[in-house]
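To keep things clear, I will list the structure first and then write my remarks on it.
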4 protein chains.
Amino acid sequence: MTQSSIAPDTAATSPVRLQAVAAEGQPDVTPALEELYRGFEKELLVPLWTEIGDLMPAHPRSRAVPHLWRWNKLRELAARAGDLVPVGRGGERRAIALANPSLGGRPFATPTLWAAIQYLMPGEDAPEHRHTQHAFRFVVEGEGVWTVVGRDPVAMRRGDFLPQAGWNWHAHHNATAEPMAWIDGLDIPFQYVTESQFFEFGRDDISDAERITPSRSRSERLWGHPGLRPVSAGTPGPGSPLLAYRWEHTDRALADQLALEAEGFDGTVEHGHAAVRFSDPATGADVLPTLRAEMHRVASGTETAPVRETGSSVYQVFDGSGTVTVGDTSWSVTRGDLFAVPSWQPFSVRSEAGTSDSDSGALDLFRFSDAPVFEALRLDRTQVEGNPR
Amino acid sequence: MTQSSIAPDTAATSPVRLQAVAAEGQPDVTPALEELYRGFEKELLVPLWTEIGDLMPAHPRSRAVPHLWRWNKLRELAARAGDLVPVGRGGERRAIALANPSLGGRPFATPTLWAAIQYLMPGEDAPEHRHTQHAFRFVVEGEGVWTVVGRDPVAMRRGDFLPQAGWNWHAHHNATAEPMAWIDGLDIPFQYVTESQFFEFGRDDISDAERITPSRSRSERLWGHPGLRPVSAGTPGPGSPLLAYRWEHTDRALADQLALEAEGFDGTVEHGHAAVRFSDPATGADVLPTLRAEMHRVASGTETAPVRETGSSVYQVFDGSGTVTVGDTSWSVTRGDLFAVPSWQPFSVRSEAGTSDSDSGALDLFRFSDAPVFEALRLDRTQVEGNPR
Amino acid sequence: MTQSSIAPDTAATSPVRLQAVAAEGQPDVTPALEELYRGFEKELLVPLWTEIGDLMPAHPRSRAVPHLWRWNKLRELAARAGDLVPVGRGGERRAIALANPSLGGRPFATPTLWAAIQYLMPGEDAPEHRHTQHAFRFVVEGEGVWTVVGRDPVAMRRGDFLPQAGWNWHAHHNATAEPMAWIDGLDIPFQYVTESQFFEFGRDDISDAERITPSRSRSERLWGHPGLRPVSAGTPGPGSPLLAYRWEHTDRALADQLALEAEGFDGTVEHGHAAVRFSDPATGADVLPTLRAEMHRVASGTETAPVRETGSSVYQVFDGSGTVTVGDTSWSVTRGDLFAVPSWQPFSVRSEAGTSDSDSGALDLFRFSDAPVFEALRLDRTQVEGNPR
Amino acid sequence: MTQSSIAPDTAATSPVRLQAVAAEGQPDVTPALEELYRGFEKELLVPLWTEIGDLMPAHPRSRAVPHLWRWNKLRELAARAGDLVPVGRGGERRAIALANPSLGGRPFATPTLWAAIQYLMPGEDAPEHRHTQHAFRFVVEGEGVWTVVGRDPVAMRRGDFLPQAGWNWHAHHNATAEPMAWIDGLDIPFQYVTESQFFEFGRDDISDAERITPSRSRSERLWGHPGLRPVSAGTPGPGSPLLAYRWEHTDRALADQLALEAEGFDGTVEHGHAAVRFSDPATGADVLPTLRAEMHRVASGTETAPVRETGSSVYQVFDGSGTVTVGDTSWSVTRGDLFAVPSWQPFSVRSEAGTSDSDSGALDLFRFSDAPVFEALRLDRTQVEGNPR
């Protein structure tokens, strides 16, 4: 929608601004048309014929752009915030979100996804609250923080994925003498846009019992055994009842897939490309109703086939290094770097050729996306291009 | 996010604008904090603590406002467009959309819903195309247009509801000597926001066979018999295979509910308030994956209990008159008037007390909403207040 | 399992009887083997190797056989029972069930299905009860009985299909001066075998209000409008909330399919063969959790392709006449005749070539089966042979 | 159905036998009634009023009885069969099934469940085949056999549960110098009754590659990581893609539940009673479409509350000893003993009070049942009596 040539009085009262333009598919620009457009503005109306190219494109053209955030910069600014910004009721969390450069400065990594670095100083607590937004934490480095979900303390360590379905009470506390950083992923932009958010403050302080720092949470003791569900649990609510997916399992699953491929069996997504999806053990479905999370391992010296998908993703490099291509943009990436892949932009990655001093040379990528929204509503589409090699 | 007091060089490069403010829950405003915020801007980062009130409110606070559009104004401007704006390839449809006054002048009745008046002149055709956006037509007055969906001509008459699931080819033609207006409802804003849209042009002209004007479409002959499904049809794709829900059925269903109530039986939603939901006969679910559509009848002199729901609705008065209240706003409404109910705003309606010259005095309201999105993602909440009477 | 050559003492104590036989795939008959078999018998054990051919055949070999019951015989015996057998508490219903000749004289039309003629004399009531067995009534001739389900009186007329999901209270009363007969279909054998049955007596007499004889039941007024569901009803329990599927709708749906075929469009199952499935309007699924019901119309002079399916069916000729073939058996059939089609037996039908005095000459067949059981458990298979014409 | 007083000519032709009896709820015994019954017999008809007590009881009254089979007897007879009965094509498996004493000597542990001991001699192979019957193996003692499912060798060791969904190719081979016994559970009786069985012979010999004896199967390497699903696998068919549930996981899950209880948290089914259900990691549902499998641990000196359920179960004592009560029958049980619990019979267990030489004193019970059939068809009911302690 263009913004010009309107009568001053209308400008004062209507947010709608219409400009008659001489172009193919558009009506002839005449005084009568101008008058009609002023009528539309006055009545808060907008014709389809001036908007259709933007609203109904041949395929998704994202308002977001591919963008990369460097972990070392994030880490540095988060540490500085650790010095300057207290954590407490009101601000709630020392979380600093990625703002896609073409989304108007809003803290939206993509139109539907929130990704932030969160930082907690030694001994600090983040107060308890709950919200309908679905969330997870993923740890690229460090350890020492316990997230307390429904009074169950859950350790966070490098490589762990920790989902937390909406409307569960949660707090965090750093039980060590070191600060810790991790990333938070949420569906904040999606719920902002659909306007479904509820939020409640919880207790200001967690109890001593919740300061115990077990290596396994109660949720893992109930739900963390492969293929086994506790009979006592019945049918849990939406979102995974398992609050931690440990790196040792994820790593082993990825290694198993590549080993199966090497033995001549199925298992990888494509040659040299292993991937696991974090799933709800009670349903086998995505770990959260609106968020998908996966870990990908691209073997040393491998290039993946470009894939387009409806919906957007955020990736974080967990280990290794390589080159990532999103649409027309390429970056060299290394541990901790985060990048956004907008809807329908082709995405591929090439891992660096291995060097002998690495245990594997593989590039490990953590990914999260809004795919469950698209699948639930039958709006998902995927297009895989032929592997260029 | 506030917009001020930033260094000129940053302003030139970053869409992010952060202002340190002295307020409860906010960090102390110091030069160091200002420097930190400049660092955030430079790295395209936004802290949660400046945004949480907007993004994570205690309950949905819609960016949209309640708003009413008068049918006589819409009808008049659409007729004028009929004179000035041709229908053809490129513009595709002579559709004029409602723009919620607080959504930046965009043609969004609510953050997720599109509602437009469409107008077709005698003998005119709207060319064939298809798109992933789910759509329906609802006819508040007139007749004479056939919508041709998958080459099946479907008559449109007052009171008819005509769904058309995404990715079906469709065209319209006016087979009569009179212009005709109706409303289109689509999930254009939702798919715009989630960026899942595909669009394709179809044939420029429909065939003579499709210009036949049967009173019942093929879809109705297959799927329009209550409780009966054609064995040949297997499992249809997403969205209803039934392309027309005729007023005679809707009217009778509503009358039956009020009659049952009068006889002392269950059937109405609340006293004097009948409602039917248009459903997919193949699944019993909502008629479209992202859109719910219902017809409500409020008996003469009845006031409904205020209801809040996550998600938004657009209503059109089909018959009768009364007073509608959305949040703090009330309007007197009559046939054809359209209004938007934003998320979590309490909504109630009072029908005018009957006068003897009316056959029923009831207020008939057509409603559509984004409820299936919320239910599929487990984000739906409803709160009914005690009936004030 | 054969029955011989066992020691007398074992015979007295064990129902297991094993005979060592000299045959391919069987162990050598030796005294040691005989002693082993006596040990099995004593310990209530049966080896797989003597049973596998019976229990694990290459494809289903039904214990049931194809069989035909003539309506005029059923009608005559039911009328005689009307004279001799009162209806009341204890016997509950004057229902006379088909007993497949190879199922040991039990009242099982097939291993899973019950089919019976029920007969009610003028003014008679069948007392209220409820049971977990799912049931329906289908009327091949006559009228005058109301079935009262959950206190809702439902008229029964020629061509009507009346489902009644398990655990609903129900009674019947004949409101006219004529006796009436109809067929009952239930999953009695299936629930007998799986042992899931519950039963409760209800009131001995229905109230005067339930003796009212409306032409439409309350269930039809709520659920009988195509594609419309009452918003007040929420999510009904298992089984259709619609208690009557009227012949006028079924007949029209079948006629529509044949007319579409004649016009060159899809709609029939195969050439000249229309079919509708009675479905639950709340879910689109089968009308009852364990029973599928359909009406088929085979145009005059048409022969259907032989079809094999896992699971069994019972058919009743509703109108017309023709020749039915099940496996190696063929019968000429006419109105009211009932026949059983066992699992995996090929089934086809040829309608009589039309004569000028008939309005259509078509053969109308009502069918019910246990297909929902097989589909729910993923045990369904279908094999259609090439149409022999 | 009673069997007497019928005319000789009818007796010769009809399996139906009806006897008019003087009893409440039965019609008066008259010559006319006798004649009517003879007519029923001739036409293969059976009236409901003579059958209703058997077919429609107030609650399930199982044709099966509670029964116990001692493991030492089974083991001894199976070993003897190992000497006398070869394993090969035709007989297919050296499996010896439990025959419930009141089910006519058929190899049915309950009306729907098959349970057998299978025995394989050193170096022996059981040939490849597949069938629609769903199956599992459970190992109460020993090791050394690999089951080869879809060419994937799966080790079998004490405590392991190995499901194998219908229609998968499978063979077994004993790779050691010791014989091995285990139990097979299948839905053979259910599929026999519903007549849905298909069976095919596979290769006579497995390949050398399949004789490799890995400690983890390929299925475990793909699907055996808690909460992680391989992205490459898409949506697997019915039944679990995970072919082994290892004892170390099951044991730990049960220990965790009891430890949580001891710490004051939820986790057990009731006091001192832990239970896990083997589930399909792709869906969270039961491991097989028709079979549920669980492991229960009853802490030393604990008595469980009596539970009635629709559907039947077979249990095997995995470890410990105690007293089991089914209906009016009680047994002392110890490792390996198997027993059948018919539908709606109250079941409870008391574990032996611990002695110091045991590592836990707990009673571990493996259980399988037909519960998924009942849940899929909405026929499940459960009744828990107040804990008598």
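Ordering A:PHE201, A:PHE374 by the number of other Cβ atoms within 10 Å of each residue's own Cβ, fewest first, gives A:PHE201, A:PHE374.
Remark: mean inter-chain Cβ contacts per residue of A:274-282 equal 5, using a 10 Å Cβ-Cβ cutoff to other protein chain atoms.
Determine, for D:ARG38, A:ARG246, the number of other Cβ atoms within 10 Å of each Cβ, and report the residues in order from fewest to most. Ascending number of Cβ neighbours within 10 Å: D:ARG38, A:ARG246. Computed about its Cα centre, the charge dipole of chain C is approximately 460 debye, with only Lys, Arg, Asp and Glu carrying charge at their Cβ. Once the Cβ-Cβ distance of C:GLU248 and D:GLN383 is raised to the sixth power relative to R0 = 35 Å, the FRET efficiency obtained is 0.20. With one equal scatterer per alpha carbon and no solvent term, the Debye-computed log10 I(q)/I(0) for chain C at 0.06, 0.09, 0.11 1/Å reads -0.29, -0.61, -0.85. Plainly put, segment D:164-235 has a radius of gyration that is 1.01 times its Kirkwood radius, both from alpha-carbon atoms, as the Rg/Rh ratio.
Stokes-Einstein, applied to the Kirkwood radius of segment D:67-229 over Cα pairs at a viscosity of 1.567 mPa s and 4 °C, places its translational diffusion at 79 µm² s⁻¹. Listed peptides B:281-287, B:48-54 appear in the order B:281-287, B:48-54 once ranked by packing, highest mean of other Cβ atoms within 10 Å at the front.
Residues in segment A:47-76 near a label at A:TRP331, defined as backbone nitrogen under 13 Å from the 7 Å Cα→Cβ point? Within reach of a label on A:TRP331: A:65-75. Extent of segment B:302-345 along its three principal axes (Cα atoms, max minus min coordinate, largest first): 27, 19, 15 Å.
Here is how far apart the D:ALA209 label points are across copies: 5.2, 5.6, 7.3 nm, shortest first, using a point 7 Å from Cα toward Cβ.
Applying Stokes-Einstein at 20 °C and 1.002 mPa s to the Kirkwood radius of segment B:86-160, computed over alpha-carbon pairs, gives a translational diffusion coefficient of 153 µm² s⁻¹.
Take A:VAL21, push a point 7 Å out from Cα through the beta-carbon direction, and compare it with the same point in every other copy: 3.6, 8.7, 9.1 nm, smallest first. A point 7 Å from Cα along Cα→Cβ stands in for B:GLU35, and the other copies hold the same point at 6.4, 9.7, 11.5 nm, listed in rising order.
Computed from the C-beta positions of B:GLU141 and A:ALA262 and an R0 of 56 Å, the FRET efficiency is 0.20 to the nearest 0.05.
Chain C comes nearest to the axis taking it onto chain A at the Cβ of one residue; that residue and its distance, in whole Å, are C:THR235, 8. Counted by neighbouring Cβ atoms within 10 Å, the residues A:SER232, D:SER62, D:SER279 run from fewest to most as A:SER232, D:SER62, D:SER279.
Here the sum of -39500 (n - 2.57) over DSSP H runs of 4 or more residues, divided by the residues of chain B, equals -5000 deg cm²/dmol at 222 nm, to the nearest 500.
Stokes-Einstein diffusion for segment C:8-55 at 25 °C, viscosity 0.890 mPa s, with a Kirkwood radius from C-alpha pairs, works out to 217 µm²/s. Ordering C:THR176, C:SER332, C:SER321 by the projection of their Cα atoms onto the charge dipole of chain C, which places +1 on the Cβ of Lys and Arg and -1 on the Cβ of Asp and Glu, puts C:THR176 at the extreme positive end.
Annotation: Cα Rg of segment A:247-384 relative to the compact-globule expectation 2.2 N^0.38 Å equals 1.03. Measuring spread by the Cα atoms of the protein assembly as shown yields a radius of gyration and Dmax of 35.6, 112 Å. Note on segment A:148-286: the C-alpha convex hull projects to 11.4 nm² when averaged across all orientations. Peptide B:73-85 has a mean of 4 when you count, residue by residue, the C-beta atoms of other protein chains within 10 Å of its C-beta.
Based on alpha-carbon positions alone, could you give the equivalent ellipsoid semi-axes of segment D:118-157 from the gyration tensor, as √(5λ), descending, whole Å?
17, 13, 11
Shielding value for A:284-294 is 3, the average number of Cβ atoms from other chains within 10 Å of each residue's Cβ.
Values quoted throughout were computed directly from the atomic coordinates according to the rules given, and no laboratory measurement underlies them. Every value quoted in this text rests on a predicted model; they were computed, and no experiment measured them. Positions of Cβ are backbone-derived with ideal geometry, glycine not excepted, and every protein chain shown enters the neighbour counts.
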